[in-house]
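Below: one structure, written as structure tokens.
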Amino acid sequence: MALEFSTVGAKVYVGIETSAGIQPETFYEIPNVSEAPEIALDTEALDCSDITDTITRYILGRQDPGGTIDFTLNLTDAVIGAWNNLVKAVETARGKGQEAWFIYYYNGCAYGFFFTGIPTMLGTSGISQNEVATTSASVITTAINGWLTLPEGLTSSGTLKADTTFGDDDDDN
């Protein structure tokens, strides 16, 4: 009997390579994620028919994750500071050929969904009455690594060896 996973307790983590091309050892939870979008790997079907074909033939083309992944974050000072620190740290790392790795984690799952990407500066939501202020945090995908075994230290209970949020709370933008 299969035990399905729930989104209750799900988390999104980020880690930055310390050596180019090597998966980070330390991952930090992105705080206050209220929505992490589906990453659908749509595969293009390439028409390879010729004039003798009476039925169209296809071959596999590229898979497309959509280019940009937009997280919805509940807006707090800690979120703004952490995301700003992440953007700066990734910019510095990319100058050394290093990537930021992101993980979608479901509580109790032995695997995580991994991808690399470039986070961009935060915008802000509109303002209307009686709502939680949110923001869209965008990450441009650079590679999809797929479902991989979780790194040591990220256990089935979702705890980490190190801090659970990226960066510090400084908001020195």
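Below, the figures for the structure above:
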| read-out | value |
| --- | --- |
| Filtered residue count, the stretch 86-106, keeping only those that are within 20 Å of Ser34 (Cα to Cα) and open to solvent by 30 Å² or more (accessible area, probe 1.4 Å) | 2 |
| Which listed residue is at pLDDT 90 or above, crowded, with 18+ Cβ neighbours inside 10 Å and among the small types (Gly, Ala, Ser), from Gly146, Gly158, Gly167, Gly112 | Gly112 |
| Top-ranked residue in the stretch 23-42 [being closer than 19 Å to Thr142 by Cβ and part of a strand (DSSP E or B); ranked as least open to solvent (accessible area, probe 1.4 Å)] | Tyr28 |
| Selection within the stretch 8-22 - assigned to a loop (DSSP other than H, G, I, E, B) and surrounded by 10 or more Cβ atoms within 10 Å (Cβ to Cβ) | Gly9, Ala10, Glu17, Thr18, Ser19, Ala20, Ile22 |
| Some residue of the stretch 74-81 being touching a strand residue (DSSP E or B) at 6+ places or on another chain (Cβ under 8 Å) and either part of a loop (DSSP other than H, G, I, E, B) or exposed (fewer than 11 other Cβ atoms within 10 Å of the Cβ) (or both) | yes |
| Verdict on Leu60 being part of a strand (DSSP E or B), in contact with a strand residue (DSSP E or B) (Cβ under 8 Å, 6 or more places away or on another chain) and open to solvent by less than 60 Å² (accessible area, probe 1.4 Å) | no |
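Residue by residue, here is whether (1) surrounded by fewer than 13 Cβ atoms within 10 Å (Cβ to Cβ); (2) more than 26 Å from Thr7 (Cα to Cα) holds:
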{"position": "Thr54", "(1), (2)": "yes, yes"}
{"position": "Pro65", "(1), (2)": "no, no"}
{"position": "Asn84", "(1), (2)": "no, yes"}
{"position": "Gly108", "(1), (2)": "no, no"}
{"position": "Pro119", "(1), (2)": "no, no"}
{"position": "Gly153", "(1), (2)": "yes, no"}
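The values are calculated or read from the model by the stated rules, or taken from the named source; none is laboratory data. In this text the structure is predicted, and so the values were computed from the model without any measurement. Neighbour counts are summed over all protein chains in view; Cβ atoms, including those assigned to glycine, are modelled from backbone coordinates with ideal geometry. SASA here: full protein model, heavy atoms, side chains in, ligands and nucleic acids out. Shrake-Rupley method; radii C 1.70, N 1.55, O 1.52, S 1.80 Å.
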